[in-house]
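*Asks:* Below are the structure tokens for one structure; questions will follow.
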Ligand SMILES: [Zn+2]
């Protein structure tokens, strides 16, 4: 295996940061300290001025395989993740067919193992994501699945959700909810409010999200099972989860980069690139989510990377599918949301790596039958999953440069700050100078 020295960066540990070198050998962090000698034949990466921390972990990537390989494959999604600085991603189960049994989970795990990063799998909560009959979670958990979700849709029936939580608890796994009440959101294509009235589009009210968050908090209280809320988009949703945490309930939450950076006014273009569920919200919600992120109230930034084939996003706004790309720009957008130059580097790695690794049970302290350890504290002996992020970089997002098979990014030509310079995953240099090797 390659010997690598990351030279002179700010090494971001779990509790403190210090300038130094990181020596990577035989798949592990061999030494972390000042002025380390480079062994003969080592690849030396200049990390001067950069943040060096645990590789990012994405809790929420739609890889579209099996079933929609024209939009993305496990291989192309993993490449997009790598240039985005991710050493591990969790593949969502809303494929065709849905990942609701051990055979399909095994297939995705095997395909993921051929990529340079760790591809973990989230299994479906209900059979076919139909919302009525529980999927065989135990057989999927036996393969190492630690997160279960029907994402794309929330589990609408409270009795089914209660049963799922009760069933999941002894398995030691976590359920993840896409919180939207489909009846309240029915027919909606954007946030319900002044803009939807002005544009003549049917809205999805904030209440559709908040009501399910409220319901599920009570189900967690009842069952004692851990629950993760996906892509929270309103100030009130985050406040509800924060209050539940303070009561000691086992809840966690993520926000998506688009909800931290874009507000509903961009829908005035009627461009389906901006269509997403839950929808982009008013500026006040965007500002509140950013404030919560800075305050450490959000456990993870998760991409909700949702590739779509071009012909689908070329449909009229009403008919186009919801969802946008996320993996390749999430780190820069999170850096921006944390205040760019003013961003706290430990908070950055907390929401991009350590928080999501904890929720996905991908840390060294977790039982991981198939994957390496992620979200580490940058000390000797850890698995070598490390990212080098340059907070001084300024660049422009371009649809032309994407590794993803799809091109439905809402950030084309957006000026970005901070960029992934290098990624070491499973001990190998996967990205250097911002490009795949
Ligand atoms: Zn979702």
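A short reminder: the numbers here are calculations on the coordinates, not readings from a lab. Treat the numbers as computed from the prediction; the structure is a model and nothing was measured. All Cβ positions, glycine included, derive from the backbone under ideal geometry; neighbour counts span all protein chains shown.
*Asks:* Could you give the semi-axes, largest first, of the ellipsoid that matches the stretch 65-181, computed as the square roots of 5 times the alpha carbon gyration tensor eigenvalues and rounded to whole Å?
*Replies:* Those come to 25, 15, 13 Å.
*Asks:* A follow-up question, please. Measure nothing fancy, just the Cα-based angle from helix 102-112's long axis to the longest principal axis of the chain, in degrees from 0 to 90, nearest 10.
*Replies:* Compared with the principal axis, the helix lies near 40 degrees.
*Asks:* Using a Gaussian network for the chain with springs between C-alpha atoms less than 10 Å apart, which of these wobbles most: 129, 426, 25?
*Replies:* Looking only at 129, 426, 25, the largest GNM fluctuation is found for 25.
*Asks:* So if the hydrodynamic radius of the stretch 317-381 is defined as the Kirkwood radius over C-alpha pairs, what does Stokes-Einstein give as its diffusion coefficient at 37 °C and 0.692 mPa s, in µm² per second?
*Replies:* The calculation lands on 233 µm²/s.
*Asks:* With an 8 Å cut-off on Cα pairs and a minimum separation of 6 or more residues, tell me the relative contact order of the stretch 126-189 in percent.
*Replies:* Once normalised by length, the contact order is 36 percent.
*Asks:* Sticking with this structure for a sec: I'm a student and want to see the number: the projected area of the Cα convex hull of the chain, averaged over all directions, in nm².
*Replies:* 18.5 nm²
*Asks:* Starting from the Kirkwood radius over alpha-carbon pairs of the stretch 1-141, derive D by Stokes-Einstein at 10 °C in a medium of 1.306 mPa s and give it in µm² s⁻¹.
*Replies:* In µm²/s, the coefficient rounds to 92.
*Asks:* Looking at the chain as a GNM with Cα springs under 10 Å, which of 218, 400, 210 has the largest mean-square fluctuation?
*Replies:* Comparing 218, 400, 210 in a Gaussian network model of the chain, the most mobile one is 400.
*Asks:* For the stretch 1-71, how big is Rg over Rh, using alpha carbon atoms and the Kirkwood form of Rh?
*Replies:* That ratio equals 1.17.
*Asks:* Can you give me the angle between helix 283-294 and the longest principal axis of the chain, using Cα atoms only, in degrees from 0 to 90, rounded to the nearest 10?
*Replies:* It works out to around 40 degrees.
*Asks:* While we're on this one: Can you give the calculated 222 nm mean residue ellipticity of the chain, where each DSSP H run of n ≥ 4 adds -39,500 (n - 2.57) and the sum is split over every residue, rounded to the nearest 500 deg cm²/dmol?
*Replies:* -7000 deg cm²/dmol
*Asks:* Can you work out the PRE-style zone for residue 103? Point 7 Å along Cα to Cβ, and I want the residues of the stretch 111-141 with backbone N under 20 Å.
*Replies:* Within reach of a label on residue 103: 111-112, 121-130, 133-141.
*Asks:* What whole-number distance in Å separates the alpha-carbon centres of the stretch 25-46 and the stretch 226-261?
*Replies:* Cα centroid of the stretch 25-46 versus Cα centroid of the stretch 226-261: 39 Å apart.
*Asks:* Now, a different point. Could you tell me the relative contact order of the chain? Use alpha-carbon pairs under 8 Å, at least six residues apart, and round to a whole percent.
*Replies:* Reported as a whole number, the value is 20 percent.
*Asks:* Please compute the modelled spin-label separation between residue 318 and residue 395, points set 7 Å along Cα→Cβ, answer in nm with one decimal.
*Replies:* 4.1 nm
*Asks:* Follow-up. Taking the chain as a Gaussian network, where each spring joins two C-alpha atoms under 10 Å apart, which residue of 181, 150, 46 fluctuates the most?
*Replies:* 46
*Asks:* May I ask you to derive the FRET efficiency for residue 265 and residue 435 from their Cβ-Cβ distance with R0 = 35 Å, giving the value to the nearest 0.05?
*Replies:* Rounded to the nearest 0.05, the efficiency is 0.55.
*Asks:* Another question, if that's okay. Antiparallel as a % of all DSSP beta bridges within the chain, to the nearest 5?
*Replies:* Approximately 50 percent, going by the DSSP bridge assignments.
*Asks:* I would also like to ask the following. PRE reach from residue 283 (point 7 Å along Cα→Cβ): which of the stretch 234-271 fall under 12 Å by backbone N?
*Replies:* Correct set: 263-266.
*Asks:* Follow-up. Provide the percentage of antiparallel DSSP beta bridges, counting only those with both residues in the stretch 1-139; round to the nearest 5.
*Replies:* Around 50 percent of the beta bridges assigned by DSSP in the stretch 1-139 are antiparallel ones.
*Asks:* Related question: Expressed as an acute angle from 0 to 90° and rounded to the nearest 10, what is the orientation of the C-alpha long axis of helix 206-223 relative to the principal long axis of the chain?
*Replies:* Tilt relative to the chain: about 80 degrees.
*Asks:* Distance between the C-alpha centers of the stretch 410-437 and the stretch 75-94? Whole Å please.
*Replies:* 13 Å
*Asks:* Plugging the Kirkwood radius over Cα pairs into Stokes-Einstein for the stretch 141-272, at a temperature of 10 °C and a viscosity of 1.306 mPa s, what D comes out in µm²/s?
*Replies:* For these conditions, the coefficient is 101 µm²/s.
*Asks:* Report the FRET efficiency, 1/(1 + (r/R0)^6), for residue 158 and residue 412, where r is their Cβ-Cβ distance and R0 is 35 Å, rounded to 0.05.
*Replies:* The calculated FRET efficiency here is 0.30.
*Asks:* Gain in length, residue 218 to residue 143, computed as 0.36 nm per residue apart minus the alpha-carbon separation, to one decimal in nm?
*Replies:* Length difference between fully extended and current span is 24.0 nm.
*Asks:* How many angstrom lie between the C-alpha centres of the stretch 271-335 and the stretch 114-137?
*Replies:* That distance is 22 Å.
*Asks:* Follow-up. Which value in Å does the Kirkwood hydrodynamic radius of the stretch 377-437 take, with 1/r averaged over all unlike C-alpha pairs and then inverted?
*Replies:* Taking the inverse mean of 1/r over all distinct Cα pairs, the stretch 377-437 comes out at 13.2 Å.
*Asks:* Hey, another quick one. Bins of 5 Å, beginning at zero and ending with the bin holding the largest distance: percent of Cα pairs per bin for the stretch 279-437, please.
*Replies:* Cα pair-distance distribution for the stretch 279-437, in percent: 2, 8, 14, 18, 21, 17, 12, 7, 2, 0, 0.
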